[in-house]
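Participant: Supplied in structure tokens, the structure appears directly below.
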Amino acid sequence: MSRQIKNVVLAGATGALGSHILTGLVSHGGFNLTILTRNAAGTLPVGATAKVVDFSSVTALAAALQGQDAVVDAISSPDPSVSMRLIDAAVTAGVYRYIAPEFSGDPKNDKGRALPVFGGKKQIYEHLQKVASEDRITWTAISNGAFLDWCLRTGFVNIDLFNKKVALMNDGSHVFPWTTLPAVGTAVCNALTQAEKTKNQTLFIYSVQKSQKDILAIAKDALGAENWETQSQDMEAALEEAMIAVKSGDYSWKVMGDLIRYSISTPGYSGRLEQDNNDLLGVRPMSDEQVKTLIQQIFDELKTAKK
Ligand SMILES: NC(=O)c1ccc[n+]([C@@H]2O[C@H](COP(=O)([O-])OP(=O)(O)OC[C@H]3O[C@@H](n4cnc5c(N)ncnc54)[C@H](OP(=O)(O)O)[C@@H]3O)[C@@H](O)[C@H]2O)c1
């Protein structure tokens, strides 16, 4: 009989992604949900228990994970040892499934993984593969491309909706997957409810598969085509500059961002998915009309926040 996952721990619940995974897990209603946090938690939704734990101690983490079936790792830390300790603690506590802190491109894309910005993910992923190969835990990774809503809110993919400013990555025509945060939350939930089908696999999802230019065209439709300021960024030059910066010890948001933007805008590093796991994980592709509505909503949020 396949393993049923009931007791679930979420780490990183306060984050941009973790908060959506939390919503997905709570609304599912079938999990006993515990949040691991390094600080005393603020308001928690009904249905989740919070445990404050010392993330620097495998012993403390393992104690907190006793009796758990699964750990969802939505931590984002520049220090990969945080997640590696959590994996070790999960193994010590006999946790069955670990959801890897991936949530980006394909972990098996060697070109992408060679970029310094993905060095931490690479170490964590390899550590998880090692303990899983010794049958000490099972794992699932979710590859979602760029976060669609998050990227549009933050301007991360060089589309600044509020100021109508765009920097095309090269000519902006490279197509890659994008997924909304709520859709990733749903996918995590459905990965846990189908433990056998999602065992020891990377699962690929998307809300849309589009280029930066395609998203820009929808943004123009949503917000009006006039007064957009468009530049372009040579991504090979951006890569070169970022690598020089890294060599001098600069791991700033701009430098790391350019490396990620390079990976999502460059053939061989990312691209249209030939196969996906949307059906398995309950992710529905969005129509252009739905993306337009999302852009209008985000623009309204940004307008309210600026007031
Ligand atoms: N595909 C994309 O477009 C995209 C974009 C962004 C992120 N991501 C990925 O999504 C995942 C989550 O990122 P996010 O943007 O949601 O991160 P975030 O908003 O920065 O949240 C980070 C979370 O990690 C926790 N955390 C950080 N350092 C920690 C530590 N040392 N010990 C314990 N907890 C720690 C934080 O807890 P506190 O509340 O205690 O600080 C917070 O809950 C990551 O794997 C990231 O790489 C993907």
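The values are calculated or read from the model by the stated rules, or taken from the named source; none is laboratory data. All figures in this text were calculated on a predicted structure; none of them were measured in a lab. As a convention, Cβ positions derive from the backbone with ideal geometry for all residues, glycine included, and neighbour counts pool all protein chains shown.
Participant: Which residues, counting only those in segment 263-296, are farther than 27 Å from R113 by Cα, of a type in the set (G, A, S) and in contact with a helix residue (DSSP H, G or I) (Cβ under 6 Å, 6 or more places away or on another chain)?
Facilitator: G282
Participant: Further question on the same structure: Any residue in segment 6-21 that is over 18 Å from A62 (Cα atoms) and touching a residue at least 60 places away in the same chain (Cβ under 8 Å) sitting within a Cβ distance under 6 Å of a residue that is in a helix (DSSP H, G or I) and near the ligand (Cβ under 9 Å from one of its atoms)? List the pairs, counting only those 6 or more apart or interchain.
Facilitator: A16/W150; L17/L181; H20/L181
To keep it simple, each residue is scored yes or no on (1) more than 9 Å from the ligand (Cβ to nearest atom); (2) among the charged types (D, E, K, R); (3) over 24 Å from T202 (Cβ atoms).
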site: A11; (1), (2), (3): no, no, no
site: V26; (1), (2), (3): yes, no, yes
site: T37; (1), (2), (3): no, no, yes
site: V58; (1), (2), (3): yes, no, yes
site: A63; (1), (2), (3): yes, no, yes
site: V71; (1), (2), (3): yes, no, no
site: S76; (1), (2), (3): no, no, no
site: V82; (1), (2), (3): no, no, no
site: E102; (1), (2), (3): no, yes, no
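Participant: With the structure loaded, tell me whether I159 is crowded, with 16+ Cβ neighbours inside 10 Å, over 21 Å from E102 (Cβ atoms), within 16 Å of the ligand (Cβ to nearest atom) and among the β-branched types (V, I, T) or whether it fails that test.
Facilitator: Here the answer is yes, as I159 does meet what is asked.
Participant: Further question on the same structure: Sort out for me the strands (runs of 3 or more DSSP E) sitting completely within segment 1-101 that have 1 or more residues that are in contact with a Leu (Cβ under 9 Å, 6 or more places away or on another chain) and small (G, A, S).
Facilitator: It comes to 7-11, 48-52, 70-73.
Participant: Also, I was wondering about something else. What are the residues in segment 261-270 that are buried (at least 17 other Cβ atoms within 10 Å of the Cβ) and not in a helix (DSSP H, G or I), if any?
Facilitator: T266, Y269, S270
Participant: Check A90, A62, A114 and return the single one that is of a type in the set (A, V, I, L, M) and in contact with a strand residue (DSSP E or B) (Cβ under 7 Å, 6 or more places away or on another chain).
Facilitator: A90
Participant: While we're here: Surrounded by 12 or more Cβ atoms within 10 Å (Cβ to Cβ) and in a loop (DSSP other than H, G, I, E, B): does that describe L273?
Facilitator: Criteria met by L273.
Participant: If you take the residues in segment 170-185 that are more than 12 Å from the chain's Cα centre (by Cα) and surrounded by fewer than 24 Cβ atoms within 10 Å (Cβ to Cβ), which one is nearest to S104 (Cα to Cα)?
Facilitator: Result: V175.
Participant: Related question: Kindly provide the set of residues from segment 62-92 that are closer than 15 Å to T34 by Cα and more than 17 Å from the chain's Cα centre (by Cα), ordered by number.
Facilitator: Scanning segment 62-92 gives A62, A63, A64, L65, Q66, G67, Q68, D69, A70, L86, A90.
Participant: Kindly indicate whether D250 is under 30 Å from F299 (Cβ atoms), surrounded by 10 or more Cβ atoms within 10 Å (Cβ to Cβ) and among the acidic types (D, E).
Facilitator: Taking the combined requirement at face value, the residue does not satisfy it.
Participant: What pairs come out if I take residues in segment 131-148 that are over 25 Å from N278 (Cα atoms) and pair them with residues that are β-branched (V, I, T) and assigned to a helix (DSSP H, G or I) whose C-beta lies under 8 Å away, six or more apart or interchain?
Facilitator: As it stands, the answer is V131/I87; V131/V91; R136/V91, since those pairs meet every condition given.
Participant: Just to be sure, is V95 crowded, with 19+ Cβ neighbours inside 10 Å and either near the ligand (Cβ under 9 Å from one of its atoms) or not assigned by TED's automatic domain parsing to the domain that holds R38 (or both)?
Facilitator: no
Participant: Kindly list, by first and then second residue, each pair from a residue in segment 155-182 that is modelled with pLDDT of 95 or more to a residue that is among the acidic types (D, E) and in a loop (DSSP other than H, G, I, E, B), limited to pairs with Cβ atoms under 9 Å and residues at least 6 apart or on different chains.
Facilitator: K164/E226; N170/D234; P177/D276
Participant: Within segment 277-307, which residues are under 30 Å from T193 (Cα atoms) and not in a helix (DSSP H, G or I)?
Facilitator: Across segment 277-307, the qualifying residues are N277, G282, V283, R284, P285, M286, S287.
Participant: So, one more: Counting residues that are not assigned by TED's automatic domain parsing to the domain that holds A70, which helices (runs of 4 or more DSSP H) fully inside segment 107-210 reach at least 3?
Facilitator: 148-154
Participant: Hey, another quick one. Since A238 meets every condition but one in (1) assigned to a loop (DSSP other than H, G, I, E, B); (2) farther than 27 Å from S287 by Cα; (3) in contact (Cβ under 8 Å) with a residue 24 or more places away in the chain, which condition does it not meet?
Facilitator: (1)
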